[in-house]
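These notes are about the structure you will find just below.
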Amino acid sequence: MRLKLFIPGPTEVRDEILRAMANPLIGHRSKEFSQLYAKVQPKLQKALYTKNIVFISTSSSTGLMESAVRNCSNKRIASFICGAFSKRWHQIAVANGKEADKYEVEWGKPITAEMVDSALATGKYDAITLVHNETSVGLMNPLEEIAEVMKKYPDVMFLVDAVSSMMGVKIETDKLGIDVLLAGVQKAWALPPGLAVAAVSEKALKKAETVENRGYYFDFLTFLKYHNKNQTPTTPTIPHIYALDLQLDRIFEEGLDARFARHHEMAEYTRNWAKKYFALFPEPGYESETLTCIKNTRGVSIVDLNNELGKRGMTLSNGYGKMKEETFRIAHMGDLTVGEVKALTANIEDILGL
Ligand SMILES: *Cc1c(COP(=O)(O)O)cnc(C)c1O
């Protein structure tokens with residue numbers, strides 16, 4: 001049975017998009033490919049509220065997390081950690097031979113603008129890593145407040161993982177002064193996994209020129225060189241680019257604001273439902289707009305619940321790592337609707353006898 005995915009990636013992909021992946025292939029050095037690339041680029045820029053170049057990477061999001069730290073620091077990175085993915089970004093920096101310090105909060109608590117300010121006031125850093133929407137705990141960091149503080153430090157690269165928020169939440173890249181805004185497309189983009197995008201500022205590209213050992217596969221300057229020919233450095237996942245092109249059209253047909261409003265509505269509904277029967281995990285006011293992390297206050301078996309949901313053609317996500325049974329997560333992102341989320345919660349109520 002096909003399961004409807006209420007998990008934070010991969011998310012539901014509509015049939016029309018899956019079919020676009022089956023278009024016949026073209027050579028990645030052909031005129032047709034360059035035309036496709038050139039057609040997608042301004043749409044990506046519009047969707048990400050940016051004039052920056054948006055690189056297309058054949059990798060999952062983690063590849064671009066690696067490229068961001070690898071290309072944008074030759075001094076020291078401040079890694080802000082509030083869950084598993086932000087912790088991973090610090091590990092990636094260290095694994096790439098970068099100097100990186102951890103600024104960590106308890107899971108469920110946000111990174112604040114004050115924290116960022118006091119770390120940067122030391123003058124030790126040339127980059128920060130921030131996960132906008134920490135998927136492991138269902139928490140959204142106050143990006144706009146942090147962006148305000150970042151304006152005091154124009155030489156510090158502002159690297160943002162928006163993997164599970166991009167296209168579910170409005171992120172005005174240029175207004176916020178984000179140097180690298182990255183995401184894989186298997187989350188709120190509602191595309192199959194295997195492709196990632198990053199809006200990279202001119203400042204970040206200038207910075208990369210000063211950085212040695214940028215690696216090979218993810219060298220921003222190589223990406224730039226090929227971008228100027230409407231190409232990618234290596235053979236890209238062409239099927240994804242067809243699908244991305246179509247999905248961008250569908251997103252604009254719905255309207256960006258309408259898409260974000262739909263996400264907000266799904267989040268509000270899920271939060272209210274969770275508060276009625278369980279409790280929310282993150283600190284109030286910082287709940288994610290794209291997934292809800294719920295405290296398992298009733299001590300139900302999440303494994304059993306998911307097995308029963310599976311028989312009904314749907315699945316949600318257990319807690320992340322150490323919180324596997326203490327929490328569970330309902331993703332409400334991508335092309336899902338409020339009606340579909342309501343059908344999920346009705347089934348949960350039925351199974352648990354709530
Ligand atoms: C899913 C996720 C990642 C990792 O994404 P991959 O595409 O699997 O590499 C990184 N950061 C966040 C916030 C995520 O939700």
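The values are calculated or read from the model by the stated rules, or taken from the named source; none is laboratory data. Since the model is a prediction, treat every value here as computed from it, not as a measurement. Quick reminder, even Gly has a Cβ in these numbers, built from the backbone with ideal geometry, and neighbours come from all protein chains shown. These area figures cover heavy atoms from the full protein model, side chains too; ligands, DNA and RNA do not enter into them. Shrake-Rupley method; radii C 1.70, N 1.55, O 1.52, S 1.80 Å.
Stretch residue 172-residue 51 to full length: gain in nm at 0.36 nm per residue minus the Cα-Cα span?
Between residue 172 and residue 51, full extension yields 42.5 nm more.
Accessible area of the chain with a 1.4 Å probe: how many percent of it is carbon plus sulfur?
On the chain, the fraction of accessible area on carbon and sulfur atoms equals 51 percent.
Hey, rough spin-label estimate for residue 253 and residue 124, points 7 angstrom out along Cα→Cβ, what's it come to in nanometres?
Simple spin-label model gives 5.2 nm for this pair.
With every protein chain present, what is the per residue accessible area of the chain (1.4 Å probe, Å²)?
On the way: 13980 Å² over 354 residues.
For the chain, the solvent-accessible area averages 39 Å² per residue.
When you count, for each residue, the other Cβ atoms within 10 Å and take the mean per peptide, how do 127-134, 2-9 rank with the highest first?
On the way: 127-134: 28.0, 2-9: 19.8.
Top of the packing list down: 127-134, 2-9.
For residue 230, what is the net charge nearby, where nearby means another residue's Cβ is under 14 Å from its Cβ and Lys, Arg count +1, Asp, Glu -1?
Numbers: positive: 29, 31, 39, 43, 225, 229; negative: 32, 245.
So the environment of residue 230 carries a net charge of +4.
Going by average Cβ density within 10 Å per residue, which order do the peptides 117-124, 49-56 take, highest to lowest?
Details: 117-124: 14.1, 49-56: 20.1.
Packing proxy ranking, top to bottom: 49-56, 117-124.
What order, most packed first, do the peptides 170-180, 186-196 have when packing is the mean number of other Cβ atoms within 10 Å of each residue?
Working: 170-180: 20.4, 186-196: 24.3.
Final packing ranking: 186-196, 170-180.
Does segment 272-354 classify as rounded, prolate or oblate by the C-alpha gyration tensor (a ≥ b ≥ c root eigenvalues; a/c under 1.5 gives rounded; else a/b over b/c gives prolate, otherwise oblate)? Please report the intermediate quantities before stating the final value.
Details: a/c = 1.44, a/b = 1.10, b/c = 1.30.
In terms of gyration-tensor shape, rounded.
Would you kindly state how much longer the chain becomes between residue 343 and residue 300 on full extension, computed as 0.36 nm times their sequence separation minus their alpha carbon distance, in nm to one decimal? Walk me through the numbers on the way to the answer.
On the way: separation 43, 0.36 × 43 = 15.48 nm, distance 1.96 nm.
Value of the extension gain: 13.5 nm.
Residue separation times 0.36 nm, minus the C-alpha to C-alpha distance between residue 311 and residue 210: what's the value?
Values: separation 101, 0.36 × 101 = 36.36 nm, distance 5.53 nm.
My answer for the length gained is 30.8 nm.
Given the options 91, 247, 35, state which has the largest fluctuation in a GNM of the chain using a 10 Å cut-off (strictly under) for Cα springs.
35
How many nm is it between the label spots at residue 35 and residue 229, if each spot is 7 Å from the Cα in line with the beta carbon?
Calculated label separation equals 1.9 nm.
Once R0 is set to 41 Å, what does the formula 1/(1 + (r/R0)^6) return for the Cβ-Cβ distance between residue 76 and residue 261, expressed as a FRET efficiency to the nearest 0.05? Don't skip to the end; give the middle numbers.
Working: r = 40 Å, r/R0 = 0.98.
Between residue 76 and residue 261 the formula returns 0.55.
So what is the relative contact order for the chain, in percent, with contacts set as C-alpha pairs under 8 Å and at least six apart? Don't skip to the end; give the middle numbers.
Numbers: 708 pairs, mean separation 86.7, N = 354.
Here the relative contact order equals 25 percent.
Tell me, what is the 1.4 Å probe accessible area of residue 287, in Å² to the nearest 10?
Result for residue 287: roughly 40 Å² accessible.
Anything in the chain that counts as a DSSP H helix reaching 20 Å or more along its axis (C-alpha) with Kyte-Doolittle mean of at least -0.5? List them, would you?
Numbers: long enough: 31-47 (24 Å, -0.89); 238-254 (24 Å, 0.08); 256-277 (32 Å, -1.37); 338-352 (21 Å, 0.64).
The qualifying helices are 238-254, 338-352.
Can you list the residues of segment 275-298 with backbone N under 16 Å from a point 7 Å past the Cα of residue 106, pointing along Cα to Cβ?
Taking a point 7 Å out along Cα→Cβ of residue 106, the residues of segment 275-298 whose backbone N falls under 16 Å are 280-286, 295.
Extending each Cα 7 Å along its Cβ direction at residue 23 and residue 3, get the distance between those two points in nm, one decimal.
Result for the modelled spin labels: 3.1 nm.
Which whole-angstrom value gives the distance between the alpha carbon centres of segment 48-79 and segment 258-322?
After rounding, the separation between the Cα centres reads 30 Å.
For segment 68-108, what class follows from the C-alpha gyration tensor (a ≥ b ≥ c being the square roots of its eigenvalues): rounded when a/c is under 1.5, otherwise prolate if a/b is larger than b/c, else oblate?
On the way: a/c = 2.64, a/b = 2.00, b/c = 1.32.
Note, shape of segment 68-108 comes out prolate.
Determine the relative contact order of segment 14-139: mean sequence separation of Cα pairs under 8 Å and six or more apart, normalised by residue count, in whole percent.
Details: 135 pairs, mean separation 30.6, N = 126.
Once normalised by length, the contact order is 24 percent.
Put +1 on the Cβ of each Lys and Arg and -1 on the Cβ of each Asp and Glu in the chain; which of 285, 9, 316 then has its Cα farthest toward the positive end of the dipole?
9
Can you find, among 54, 69, 115, the residue sitting farthest towards the positive end of the charge dipole of segment 15-253, where Lys and Arg contribute +1 and Asp and Glu -1 at Cβ?
Selected residue: 54.
Evaluate the charge dipole of segment 15-253 about its Cα centre and quote only its size in Debye, nearest 20, assuming +1 on the Cβ of each Lys and Arg and -1 on the Cβ of each Asp and Glu. All intermediate terms of the calculation are to be shown ahead of the outcome.
Details: 28 positive and 27 negative charges, 127 e Å.
Dipole about the Cα centre, nearest 20: 600 debye.
Could you tell me the convex hull volume per residue, in Å³, taken over the Cα atoms of the chain?
122
Under 37 °C and 0.692 mPa s, how fast does segment 306-354 diffuse according to Stokes-Einstein, given a Kirkwood radius computed over C-alpha pairs? Answer in µm²/s, whole number.
Working: Rh = 11.6 Å.
In µm²/s, the coefficient rounds to 282.
As a check on your grasp of the helix formula, calculate [θ] at 222 nm for the chain: sum -39500 (n - 2.57) over DSSP H runs of n ≥ 4, divide by the residue count, round to the nearest 500. Kindly include the intermediate steps, with their values, before the conclusion.
Numbers: 13 runs with 147 residues, N = 354.
So the helix-based figure for the chain works out to -12500 deg cm²/dmol.
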